[in-house]
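Taking it in order: structure first as structure tokens, then the write-up.
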Amino acid sequence: MTAQIIDGKAFAAKVRVSVAEHVATLKAKGVTPGLAVVLVGEDPASQVYVRNKGQQTVEVGMASFEHKLDASTSEADLLALIQRLNKDPKVHGILVQLPLPKHLNSDLVINTIEPAKDVDGFHISNVGLLGTGQKSMVPCTPLGCLMMLRDHHGSLAGLDAVIVGRSNIVGKPMAQLLLNDSCTVTIAHSRTRDLQSVCRRADILVAAVGRPEMIPGDWVKPGATVIDVGINRIERDGKAKLVGDVHFESAAKVAGAITPVPGGVGPMTIACLLANTVTACCRSLGLPEPAGLTA
Ligand code: GUN
């Protein structure tokens, strides 16, 4: 068997078209959705992400506000900026790029963002709302995975889902989303016994551990859907290469469908950030939420 490739790049382009249509409707009502991104310090990978976010925000017609702060910025100054953005009516979404420099308390910083503007879905209120199946802002990467899974399967009810990785950004919210869609959910991690057997039970296998190609094809149930969240930079044959957490060549021979790296989950994350910003804008105005762009 050769797996169907789930094209995240094409899917993300469709999401951006839908976001742009909603933005145009909102602009016709006199409202421009706005996203504020805060970057502290000069981490090169974070700078690339923030630049891409800003470009795509403008491309779909939204307002982009970038705040680049020195690595030595004090916690008080950062919290004061967030409080200002919380009150700013032009800002509907706020994202603080992680990781933050070590002298800053990330939990405190994230929990200072107004939950309704927390387009990352990391605020403790949004985590609680998602965990109890209530309307919330949903973390972008798991939301992107969910959109692709719903598109591929239709209903996810009753499917066995295994998530490898228990991070707050991907593993845990992914589990909540799949549970809310009536999957039977297992979260596996570095201490899980007999990980191969656990993975082989999965109709849906989500890999989010950050270890290059750690899941080989013989850990995949024939016909399963494999969502590879990993983006790992490795060197092979003297060349820099991006690989996922799944060994693509062997897994693609067994799986029913699989996301590639690059071009799978990655492009969906920023698309979902834009979707969350439109959602936050609509909710703030009491308007109907954009169909198909929320969990
Ligand atoms: N750093 C890496 N991924 C993310 C993300 O999804 N959101 C934020 N704020 N920072 C990140």
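The values are calculated or read from the model by the stated rules, or taken from the named source; none is laboratory data. Small disclaimer: the values here were computed from a predicted structure and weren't measured. Ideal geometry is used to build each Cβ from the backbone, glycine not excepted, and the neighbour counts take in all protein chains shown.
Looking only at the stretch 142-159, which residues are touching a Ser or Thr at 6+ places or on another chain (Cβ under 7 Å) and within 13 Å of the ligand (Cβ to nearest atom)?
144
Which condition does residue 213 not pass, out of (1) more than 16 Å from the ligand (Cβ to nearest atom); (2) over 15 Å from residue 4 (Cβ atoms); (3) within 16 Å of the chain's Cα centre (by Cα), if it passes all the others?
Checking residue 213 against (1) more than 16 Å from the ligand (Cβ to nearest atom); (2) over 15 Å from residue 4 (Cβ atoms); (3) within 16 Å of the chain's Cα centre (by Cα), the one that fails is (3).
Among residues belonging to the stretch 87-96 that are within 13 Å of the ligand (Cβ to nearest atom) and free of Cβ contacts under 8 Å to residues at least 60 places away in the same chain, point out the one that is farthest from residue 71 (Cα to Cα). It would help to see each step written out before you state the result.
Step one: list which residues in the stretch 87-96 are within 13 Å of the ligand (Cβ to nearest atom), which gives 93-96.
Cutting the leftovers down to free of Cβ contacts under 8 Å to residues at least 60 places away in the same chain gives us 94, 96.
On the way: 94: 19, 96: 13 Å.
The qualifying residue farthest from residue 71 (Cα to Cα) is 94.
Go through the residues of the stretch 21-33 one by one and say whether even a single one is over 14 Å from residue 269 (Cβ atoms), within 15 Å of the ligand (Cβ to nearest atom) and in a loop (DSSP other than H, G, I, E, B).
no
Being of a type in the set (Asp, Glu) and either more than 11 Å from residue 36 (Cα to Cα) or touching a helix residue (DSSP H, G or I) at 6+ places or on another chain (Cβ under 6 Å) (or both) is the filter here; which residues of the stretch 73-92 pass it?
Selection gives 75, 77.
Taking residue 74 as meeting all but one of (1) of a type in the set (S, T, N, Q); (2) farther than 15 Å from residue 168 by Cα; (3) surrounded by 14 or more Cβ atoms within 10 Å (Cβ to Cβ), write down the number of the exception.
It fails just one condition, (3).
Of all residues in the stretch 254-278, how many are among the β-branched types (Val, Ile, Thr) and within 16 Å of the ligand (Cβ to nearest atom)?
Looking only at that region, the number is 5.
Residue by residue through the stretch 97-135, note down the ones that are among the hydroxyl-bearing types (Ser, Thr, Tyr) and either exposed (fewer than 13 other Cβ atoms within 10 Å of the Cβ) or free of Cβ contacts under 8 Å to residues at least 24 places away in the same chain (or both).
Within the stretch 97-135, 106, 125, 132 meet the criteria.
Tell me which residues, restricted to the stretch 97-141, are within 10 Å of the ligand (Cβ to nearest atom) and closer than 26 Å to residue 257 by Cβ.
121, 139, 140, 141
Just give me the residues in the stretch 209-252 being touching a residue at least 40 places away in the same chain (Cβ under 8 Å), crowded, with 23+ Cβ neighbours inside 10 Å and among the small types (Gly, Ala, Ser), in sequence order.
251
Kindly indicate the residue of the stretch 50-63 that is surrounded by fewer than 17 Cβ atoms within 10 Å (Cβ to Cβ) and within 15 Å of the ligand (Cβ to nearest atom) and also farthest from residue 276 (Cα to Cα) among those meeting that condition.
The extreme case among them is 51.
For the stretch 173-193, enumerate the residues that are in contact (Cβ under 8 Å) with a residue 60 or more places away in the chain and surrounded by fewer than 20 Cβ atoms within 10 Å (Cβ to Cβ).
180
Just the residues that are away from the ligand (no atom under 16 Å from the Cβ) and either modelled with pLDDT under 95 or more than 21 Å from residue 134 (Cβ to Cβ) (or both), please, taken from the stretch 167-186.
Answer for the stretch 167-186, where residues must be away from the ligand (no atom under 16 Å from the Cβ) and either modelled with pLDDT under 95 or more than 21 Å from residue 134 (Cβ to Cβ) (or both): 184, 186.
Given the stretch 192-295, what strands (runs of 3 or more DSSP E) lie entirely inside it while holding 2 or more residues that are at pLDDT 95 or above and in contact with a Lys or Arg (Cβ under 6 Å, 6 or more places away or on another chain)?
Per the criteria, no element qualifies.
Of the conditions (1) surrounded by 13 or more Cβ atoms within 10 Å (Cβ to Cβ); (2) within 13 Å of the ligand (Cβ to nearest atom), residue 45 satisfies every one except a single condition; which number is it?
Condition (1) is where residue 45 drops out.
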